[in-house]
Amino acid sequence: DTSTRAESGSDPIPTPNGTTNGLHAAEDSVQTPAVDSTGASAENESLRKRRGSGVLPLEVGTRVMCRWRDGKYHPVKVIERRKFPCGGVNDYEYYVHYTEFNRRLDEWVKLEQLDLNSVETVVDEKVEDKVTSLKMTRHQNGNCETHVEGHEELDAASLREHEEFTKVKNIATIELGRYEIETWYFSPFPPEYNDCSKLFFCEFCLNFMKRKEQLQRHMRKCDLKHPPGDEIYRSGTLSMFEVDGKKNKVYGQNLCYLAKLFLDHKTLYYDVDLFLFYVLCECDDRGCHMVGYFSKEKHSEESYNLACILTLPPYQRKGYGKFLIAFSYELSKKEGKVGTPERPLSDLGMLSYRGYWTRVLLDILKKHKGNISIKELSDMTAIKAEDILSTLQGLELIQYRKGQHVICADPKVLDRHLKAAGRGGLEVDVSKLIWTPYKEQN
């Protein structure tokens, strides 16, 4: 799947490459140095604090070491600060970015978590390298889910404004069904929610509220038990619903608000009419509970069969991300078209797709007797020829001879690659898919 779990409780903590390191020591379990009979340790601590207090309050941009939830110190950069009412110079808390890790771990920390002896001189930074490398590929009005890997047409001031606007997580946690979930990123909720650190979502209509009591009142009136669309797939306890953004505008917008809390490279627009949302649910006697979704443009000139994809944190690492990718290709096959995900993909997104393409192509090559062309592979899988070519090149299964690409499918090499690719996740039972492509519906 494209990322690791961030559910509350004893979950593994995501590391920069999307794996988990299992570190989740509570702060109160951090061992403090023993104090000897002379009180030397306490004296050293006091001396450290006196020496560090000269730099307080810390400026935005300061780099310093911070005690993380694993009990160890890690380098951070101060992104923002806020003062407690009626407090002195020590009464600030700081919003920090752990420079070794993904932005999803940014958080507010208290002064005692910072090692003031490690403070580096504040550098007046312009736009960071990360920002200047951003490239935006889609920036037209009416686009509800633009993947913002970059903005080559934006000037430095606009880049700074974008970073400034999204730098601090505004919602810390959400409650969705039986889960309380820590959020990962900023999401542009309406201004009246600016003072909320926690939001309560109806898991069926996705309306969100500030207080638990409001949610409880809402749930007594809400008659939805599944997403407001057509059920197009049911296999065992899994269901997929197709939701038209034009017919269910509020639901589509709420879904985008929710998704942005867990997707970094995504900008929201509010006209969801142009999109279809495919919402995957686990079903029980209480209803159909959202697991994740992908969105798709109703009409894409670039053959995009998926615009945005998300598995909610409580359901990650269970094969649902792979299932959603496979489902998007099954829809393309039904349409009689080749498909490809909208670019640019995040690193983890590309990893997921590369894994899917690899498994599908290797399975075919292993069973197929005789020669097979890239065009034939594309027709069989609905995977775009360019994606097939780049995948096979990455696996060193293709050579260029006499002006054409030749696939070299040595059985032992295929077995080795298949083993490395890992399991394929949940399979889509195509016989359970009942769906009419959008153009035929209209």
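The values are calculated or read from the model by the stated rules, or taken from the named source; none is laboratory data. What you see is a predicted model, and the numbers here were worked out from it, not measured in a lab. Note that we place each Cβ from the backbone using ideal geometry, even for glycine, and neighbour counts take in every protein chain shown. Only protein heavy atoms, including side chains, enter the accessible area calculation; ligands, DNA and RNA are left aside. Shrake-Rupley method; radii C 1.70, N 1.55, O 1.52, S 1.80 Å.
Gain in length, residue 112 to residue 224, computed as 0.36 nm per residue apart minus the alpha-carbon separation, to one decimal in nm? It would help to have the intermediate numbers written out before the result.
On the way: separation 112, 0.36 × 112 = 40.32 nm, distance 4.68 nm.
Full extension of this stretch gives 35.6 nm more.
Per residue, what accessible area does region 355-442 have, given a 1.4 Å probe and all protein chains present, in Å²? Write out the running numbers ahead of the final one.
Details: 5620 Å² over 88 residues.
Averaged over the residues of region 355-442, the accessible area is 64 Å².
Find, to one decimal place in angstroms, the Kirkwood hydrodynamic radius of region 172-223, where the mean of 1/r is taken over every pair of different Cα atoms and then inverted. Each step should come with its number before you reach the end.
Working: mean 1/r = 0.0871 Å⁻¹.
In region 172-223 this quantity evaluates to 11.5 Å.
Kindly flag which residue pairs out of 298/384; 77/249; 212/432; 334/366; 260/322 have an alpha-carbon separation exceeding 30 Å in this structure.
Details: 298/384 18 Å; 77/249 39 Å; 212/432 38 Å; 334/366 25 Å; 260/322 20 Å.
Exceeds cut-off: 77/249; 212/432.
Between residue 368 and residue 284, what length comes free when the chain is fully extended (0.36 nm per residue of separation minus the Cα-Cα distance, one decimal in nm)? It would help to have the intermediate numbers written out before the result.
Working: separation 84, 0.36 × 84 = 30.24 nm, distance 4.05 nm.
Additional length available on full extension: 26.2 nm.
If we restrict to alpha carbons, what Rg and Dmax does region 342-442 come to, in Å?
Using the Cα atoms of region 342-442, the pair Rg, Dmax is 15.4, 49 Å.
Using a ≥ b ≥ c from the Cα gyration tensor of region 182-297 (square roots of the eigenvalues), is it rounded, prolate or oblate, where a/c under 1.5 gives rounded and otherwise the larger of a/b and b/c decides, a/b for prolate?
Values: a/c = 1.71, a/b = 1.18, b/c = 1.44.
Oblate shape, in that a/c is at least 1.5 and b/c is the bigger or equal ratio.
Between residue 250 and residue 386, what FRET efficiency follows from the Cβ-Cβ distance if R0 is 41 Å, with the result rounded to 0.05?
Working: r = 37 Å, r/R0 = 0.91.
In this case the efficiency is close to 0.65.
What part of the accessible area of region 63-120, given as a whole %, is carbon or sulfur when the probe is 1.4 angstrom? Working shown, then result.
Details: 1310 of 2690 Å².
Carbon plus sulfur share of accessible area: 49 percent.
Once neighbouring chains are kept in place and the probe is 1.4 Å, which whole percent of the accessible area of region 173-344 is contributed by carbon and sulfur? Show your work: numbers first, answer last.
Values: 3090 of 6670 Å².
Whole-percent figure for carbon plus sulfur exposure: 46.
For region 350-424 and region 182-247, write down the distance between their C-alpha centroids in whole Å.
Centre-to-centre (Cα) distance: 40 Å.
Classify region 63-120 from the C-alpha gyration tensor, please: rounded if a/c falls under 1.5, else prolate or oblate depending on whether a/b exceeds b/c. Show your work: numbers first, answer last.
On the way: a/c = 1.95, a/b = 1.54, b/c = 1.27.
Here region 63-120 falls in the prolate category.
Suppose the chain between residue 100 and residue 173 were pulled fully straight at 0.36 nm per residue; how much longer would it get relative to their current alpha carbon spacing? Don't skip to the answer; put the middle values down first.
Numbers: separation 73, 0.36 × 73 = 26.28 nm, distance 2.29 nm.
Value of the extension gain: 24.0 nm.
What FRET efficiency comes out for residue 420 versus residue 379 if R0 is 25 angstrom and r is the Cβ-Cβ distance? Round to the nearest 0.05. Mind dumping the intermediate values first?
On the way: r = 26 Å, r/R0 = 1.06.
Once the sixth-power term is evaluated, E becomes 0.40.
Residue 83: which lysines have alpha carbons under 27 Å from its alpha carbon, excluding same-chain residues fewer than 8 sequence positions away?
Straight-line reach from residue 83, under 27 Å: 49, 72, 110, 126, 167, 169, 198, 210.
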